[in-house]
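Here, each number is a calculation from the coordinates, and none is a lab measurement. Quantities reported herein were computed from a predicted structural model and do not represent experimental measurements. Neighbour counts are summed over all protein chains in view; Cβ atoms, including those assigned to glycine, are modelled from backbone coordinates with ideal geometry.
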Amino acid sequence: MARFLFVACTLLLVSAVARAGIVKYTFNVSEMKIRRLCQERTIVTVNGLFPGPTINAREGDAVVIRVVNQSPYNMSIHWHGIFQLLSGWADGPSYVTQCPIRPGNSYTYRFKIVGQEGTLWWHAHVSFLRATVHGALIILPRAGTKAYPFPKPYREVPILLGEWWNANVVDVEDEALTTGRSANISDAFTINGSPGDLYPCSSDHTFKLAVLPGKTYLLRIINSALNSQLFFKIAGHSLTVVAIDAAYTTPYRTEVVVLAPGQTIDALLAADAPPACYYMAANAYDSLQIVPFDNTTTTGILYYASAGLPSSPPVMPLMPAFNDTPTAHRFYSNLTGLLYKGTPPVPLQVDERMFITIGMNLVPCDHGGAGCLGPFGEKFAASMNNVSFQLPSKMSLLQAHFSGVPGIYTLDFPDRPPAAFDYSNRELQKNLELLQTAKATRVKRLKYNSTMEIAFQNTALLGAESHPVHLHGFNFFVLAQGFGNYDPAEAEKLFNLVHPQVRNTIAVPVAGWAVIRFVANNPGVWVMHCHLDTHLPYGLATVFLVENGPTAASTLPPPPKDLPRC
C-alpha cells in the first residue's frame, strides 16, 4: 500500500510539473511619441505600447523577462503582488532589491508563480515613470485544474485605469523634490491609455468594449494611477466582485467599485441591459480635500454589438462625489475572502505586534536662501512612526544584507511612534513640532515564519487622507478597519478571523486605522510603502528584513550574475 501511495504521489508530482511551463518575454524600454489631449508628447514605454504588454501566465509557471533599457532614464520593474518566493532579487524596487538598470544595459528577471491566481500588474519602480511604464499581469489557474470558483465568463477584459500628464513625469517629480512642494496634479485620467471623449481632442482616444446580450464578461480592473484613488462605474450595469489583488472573494454585487493605486479587482459584468451604448467612467476619490486634485472624469464606451456605436452621447453613470468617503469605506470594508481550495487559515497565534503611524511631515530645506515652497517654508516629507525612509545609493538593501555590508542601514525601525498624540485630530496641521521628521534608513528584522500583526494609524498631520499601503513579498489578512484613533480592545471585537479579505495593498481609511496580519515565510528584504507615488520619495515607507529559515528550501539563494550594480 505504501509503495502504491508513493508511486501515485510521484505520478501526481510529475503531472503537475509537466503542466507548468516557462513564460518568456523581452521588454524593450524606450521613448516614443504619442498624441493625447491635443498635444504630442514623448513618453517612456515598453515595446512601444501604452499601456505596456500584458503578461499571461499560469499558476506554477516560471517567468523569464529580459528588460533592455533603451531609455535615457534609470529603470527597474516591479511585478506587483508576486510573492517572489526565494527570488527576491527579481522583486524590482530600486535600491531595495537591486540597483536600477542604467541606460543601455539590461537585466533578466526570473521568478516562479506559486499559489497565486487572478489579476496583478507590473510597473516601473523608479521615479514617476510608472505613469506610462506599466501593464497587466494575468495569472490563470494551473492547466488541468478547475478554472474558477465562479461560472466561466464569455470573455476576459483588462481595464487599466491611469493618469496622464502633459508634462514630462520625471520633471514633475524632480520639480516637487527640488522646491519642496507637492507634485503637480495630472491633466487627465485614462482607461487603457485613452482619456475618453469628455476631454478635448479625445473622441478618437476612447476605449470601446462591444458586448453580446446575455453574455458575462470578467473585467480585470487595475488602478495604475500614480496618485489617485478612483471610483469606477458602468451606466445601467452592476458588477459582481469575485477577486481583489489576485485573491478570491465572496461574490459581492455593487454599483460602484473603488480602487487605490496598486489595487486590482476582478468583477463579473452581465450584459443584461437594454441594447444601447453606455459610458464606463472613473474619477477621483479625494479623501484629503484641502489641496488641488484632478477633478476630471475619464470614460470608455460599452456598447451592445447589435446597437452599434452611438450617434448621440451614451448613458452616463451617476458618479459618487469626489469626497464620498462613506461609499469608499462601504466598498472597502464589505469585502470578505472566499474559503476556497488552498486558502490558508488566519494565523491565530501572533509573535510580534507593531503600531505604525502614517502621515505627511516636514523637513528643513537642504539649501539656504528664502527657503522651500512647502508649508512654513520647509520641504514636504512623509514618515512611518516618524521615520522618513531614505533609500541608499551605494548598493541595494538586499545586496547589503546578503553580503553583510555594514553602514547601509540600521536595524532599529521602531515598533511604535516615538510619542502618543491625538492622531486623527485635524488641528494637528498647526503643530509645527509634531510635523517635523528626519531622514534615515532604518529597517525591521523579522524571524522566519513568525506571525506579524500591524495596526496602521493614519494621522492628520498636514491633512487627513487615506494612504494605500503596499507590502512587497506577501499577501496579508485585513482583520478590521475603522475611523478615529486605534483602540486595540475595541478593534479586536471587530476582527474577522474566519474569512477576512486578502490583499497586498490596503487603503487605510482617512483619519482612521486598519489591522493586518501575515506570516513572514519569505526570506529577503521587502519594502512596505505608500502607493501614492508622490509620497514614496518623501519617505512614506519602511523595510522588513526577513531572516532565512533553517533549511536550504527556506534560504535566499545568491544574486544572479547580471544583477545591476550601482
| Proximal aspartates and glutamates relative to K33, as straight alpha-carbon distance under 19 Å, when same-chain residues fewer than 8 apart are discounted | E163, D171, D187, D204
| message | Ignoring solvent entirely, what values of log10 I(q)/I(0) come out of the Debye formula for the range 263-389 at 0.21 Å⁻¹ when each Cα is a single scatterer? | response | -1.31
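Using unit Cβ charges (K, R positive; D, E negative) and no other charged atoms, how large, in debye to the nearest 20, is the dipole of the chain about its Cα centre?
On the way: 41 positive and 39 negative charges, 368 e Å.
Computed charge dipole of the chain: roughly 1760 debye.
What FRET efficiency would be calculated for the residue pair T42, N295, taking the C-beta separation as r and a Förster radius of 22 Å, to the nearest 0.05? Working shown, then result.
Working: r = 27 Å, r/R0 = 1.21.
Using R0 = 22 Å, I get an efficiency of 0.25.
Beta carbons within 10 angstrom, averaged per residue: use that to sort the peptides 472-479, 68-75, 27-34, highest first. Walk me through the intermediate numbers first.
On the way: 472-479: 22.8, 68-75: 19.2, 27-34: 16.1.
Sorting 472-479, 68-75, 27-34 by mean packing, highest first, produces 472-479, 68-75, 27-34.
For the range 214-332, give the magnitude of the charge dipole about the Cα centre (Cβ charges: +1 Lys/Arg, -1 Asp/Glu; no others), in debye to the nearest 20.
Details: 5 positive and 7 negative charges, 46 e Å.
Dipole of the range 214-332, to the nearest 20 debye: 220 debye.
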| request: Return the Rg/Rh value of the range 20-148, two decimal places, where both radii are evaluated on C-alpha atoms and Rh is the Kirkwood radius. | output: 1.00
| note | Highest mean packing first, using Cβ neighbours within 10 angstrom, the peptides 129-142, 282-295, 417-430, 490-503 sort as 129-142, 282-295, 490-503, 417-430
| message | Using all alpha carbons of the chain, what is the percent of pairwise distances in each 20 Å bin, ordered from the shortest bin to the longest? | response | 21, 58, 20, 1, 0
| field | Calculated P(r) tail over 14 Å for the range 412-454, as whole % of Cα pairs | value | 65 percent
| Per 5 Å bin, what percent of the C-alpha pairs of the range 493-566 does each bin hold, from zero upward? | 3, 10, 14, 18, 17, 17, 11, 6, 3, 1, 0
| remark: Of the residues S228, F389, H125, the Cα lying farthest along the dipole of the chain towards its positive end, which is defined by charges on the beta carbon of Lys, Arg, Asp and Glu, belongs to H125
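Using the Cα atoms as the points, what is the convex hull volume per residue of the range 352-554 in Å³? Please list the in-between numbers first.
Values: hull volume 24.8 nm³, N = 203.
It comes to 122 Å³ per residue, whole-number rounded.
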| said: Which three numbers, in whole Å and largest first, are the semi-axes of the equivalent ellipsoid of the range 129-223 derived from its Cα gyration tensor as √(5λ)? | reply: 35, 19, 9
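For the range 113-152, compute Rh as the Kirkwood radius over C-alpha pairs and then the Stokes-Einstein diffusion coefficient at 25 °C and 0.890 mPa s; write the answer in µm²/s, rounded to an integer. Walk me through the numbers before you get to the answer.
Numbers: Rh = 12.2 Å.
After rounding, the answer is 201 µm²/s.
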| Charge-dipole axis of the chain as Lys and Arg at +1 and Asp and Glu at -1 on Cβ define it, positive-most pick from L335, A420, G60 | G60
| field | Part-to-part distance (alpha-carbon centres) for the range 275-319 and the range 385-401, which is given in Å | value | 41 Å
| So what does log10 I(q)/I(0) come out to for the range 177-308 at q = 0.19 Å⁻¹, using the Debye formula with one equal point on every Cα and no solvent? | -1.14
